[in-house]
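Below: one structure, written as structure tokens.
The values are calculated or read from the model by the stated rules, or taken from the named source; none is laboratory data. Bear in mind the structure is a predicted one, so any value in this text is a computation, not a measurement. Please note: Cβ atoms are built from the backbone with ideal geometry, for glycine as well, and neighbour counts cover all protein chains shown. Ligands, DNA and RNA are excluded from the accessible area calculation, which covers all protein heavy atoms including side chains. Shrake-Rupley method; radii C 1.70, N 1.55, O 1.52, S 1.80 Å.
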Amino acid sequence: MTRRLLLVGAGHAHIEVLRSMKEQPIHHVDVCLISPSEYFYYSGMISGYIEGIYSLEEVRVDVRRLADEAGVHFIRKRASRVYPNFKKLLCQGEAVYPFDMISFDIGAKSQSDQCVSPPELSHMNDPNKQMVEQIEELRQTSQPLIVGGGAAGCEVALALQAYKARNKIPGQVRLVSSSSVLNSISKRTAKKLRSIMESKGIQVWEQERAEVMYDDYIITSANNKIRHTGVLWLGGPLADPLFEASGIKVDERGFPFVTDTLQFTDYEFIFGAGDCVTLETYPNVDKSGVHAVKQAPILYENLRRFSDAKELTVYEPQKVALYILSTGMKKALLMYGPVTAHNKRAWKLKNKIDREYMDKYK
């Protein structure tokens with residue numbers, strides 16, 4: 001008897017599941033991928049795209065094509081709620097999809113709801129605005145502002161400044177962070193990154209939360225008025241509300257818990273990977289694509305084993321992960337435990353890793 005598996009979202013883990021299914025299909029399982037976008041944008045190369053090193057096609061994967069090659073039906077919709085007890089998924093437009101197994105890899109949103117915009121400026125927070133269009137606009141403006149001092153915010157700020165330098169576009173990138181920049185790493189490395197950013201001409205405000213946004217400036221929690229010619233929100237991870245709305249057990253931030261087999265704690269037929277979930281046994285693991293990539297083969301294997309009623313395998317995050325943050329002009333900051341290095345060799349290693357990763361899906 002054929003069973004139905006729904007893959008919700010097209011993140012790092014699910015595109016690897018598709019690639020694996022292309023090579024080794026899961027027998028007697030009808031698979032559907034549901035995603036609001038036909039493309040997966042690889043976070044590791046976005047900064048290179050912003051800087052002008054990579055083309056758009058080099059940093060994205062055609063998910064519809066990948067699904068077709070794997071014999072998976074692609075549905076372009078956004079999931080809005082799951083009914084675990086009835087094994088049904090509700091999507092936009094009130095479309096309902098039944099399932100026997102379901103897996104979530106929808107990532108996390110970027111926090112921006114703490115900042116209040118006057119009603120007449122609400123269009124500036126349009127969630128449907130295309131990322132590519134936003135970047136293109138910001139590259140040409142004189143004072144683009146990045147809100148968020150995590151790895152993504154810092155990398156994008158450095159890439160924008162590098163693009164301006166490469167193309168002799170006047171202006172200064174600005175960044176405001178509610179904490180110190182890159183506060184999840186050692187203070188010494190964070191200080192090094194702050195020094196790199198300032199040497200590139202990026203103006204940084206730390207320990208200040210963006211509270212009110214106007215057409216050409218924001219007001220921070222320190223009552224600073226920071227002028228801008230466009231804002232990109234890259235705050236901390238924010239859970240998709242569909243999990244809490246569905247009555248699923250979540251952590252204090254709204255992310256559902258999964259066990260070390262990547263199954264939801266209360267429902268063995270629901271799986272999850274990547275930034276959209278929290279590991280019950282390792283709740284403090286960073287929400288990073290590094291971990292999603294490592295979870296991907298475990299997720300595929302466990303989906304296959306679950307469908308065959310076999311014992312599942314366990315995912316254990318690596319104790320020390322390699323992070324390489326591009327700083328512009330083909331230099332990068334390498335971080336591996338206590339080891340840090342900022343040079344062109346680090347960027348070459350990052351470029352090699354990223355290109356090899358993307359080549360698997362082309």
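Looking at region 276-300, which of the residues that are surrounded by fewer than 16 Cβ atoms within 10 Å (Cβ to Cβ) and polar (S, T, N, Q) is nearest to the chain's Cα centre (by Cα)? Result: N284. Return the residues of region 1-53 that are open to solvent by less than 20 Å² (accessible area, probe 1.4 Å), farther than 16 Å from E69 by Cβ and assigned to a loop (DSSP other than H, G, I, E, B); say none if nothing qualifies. Across region 1-53, the qualifying residues are G9, G11. The set of residues in region 54-71 being open to solvent by less than 20 Å² (accessible area, probe 1.4 Å), in a helix (DSSP H, G or I) and either in contact with a His (Cβ under 6 Å, 6 or more places away or on another chain) or of a type outside the set (G, A, S) (or both) consists of V63, L66.
Given the options A239, A245, A273, name the one that is over 30 Å from L138 (Cβ atoms) and buried (at least 18 other Cβ atoms within 10 Å of the Cβ).
Numbers: A239 fails: over 30 Å from L138 (Cβ atoms); A245 fails: buried (at least 18 other Cβ atoms within 10 Å of the Cβ).
Criteria check complete, one pass: A273.
Summed over region 309-329, the residues that are open to solvent by 70 Å² or more (accessible area, probe 1.4 Å), in contact (Cβ under 8 Å) with a residue 12 or more places away in the chain and over 30 Å from V181 (Cα atoms) give a count of 1. Listed here are the strands (runs of 3 or more DSSP E) enclosed by region 213-321 that have at least 1 residues being of a type in the set (F, W, Y): 217-220, 231-233, 267-272. Inside region 123-146, residues that are polar (S, T, N, Q) and at pLDDT below 50 make up a count of 2.
Per-residue answers, yes or no, for (1) open to solvent by 30 Å² or more (accessible area, probe 1.4 Å); (2) among the basic types (K, R); (3) out of contact with any Lys or Arg (no Cβ under 7 Å at 6 or more places or on another chain); (4) at pLDDT 95 or above:
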{"residue": "G148", "(1), (2), (3), (4)": "no, no, yes, no"}
{"residue": "A159", "(1), (2), (3), (4)": "no, no, yes, yes"}
{"residue": "A162", "(1), (2), (3), (4)": "no, no, yes, yes"}
{"residue": "P170", "(1), (2), (3), (4)": "yes, no, yes, no"}
{"residue": "S178", "(1), (2), (3), (4)": "yes, no, no, no"}
{"residue": "K191", "(1), (2), (3), (4)": "yes, yes, yes, no"}
{"residue": "S199", "(1), (2), (3), (4)": "yes, no, yes, yes"}
{"residue": "D215", "(1), (2), (3), (4)": "yes, no, yes, no"}
{"residue": "L234", "(1), (2), (3), (4)": "yes, no, yes, no"}
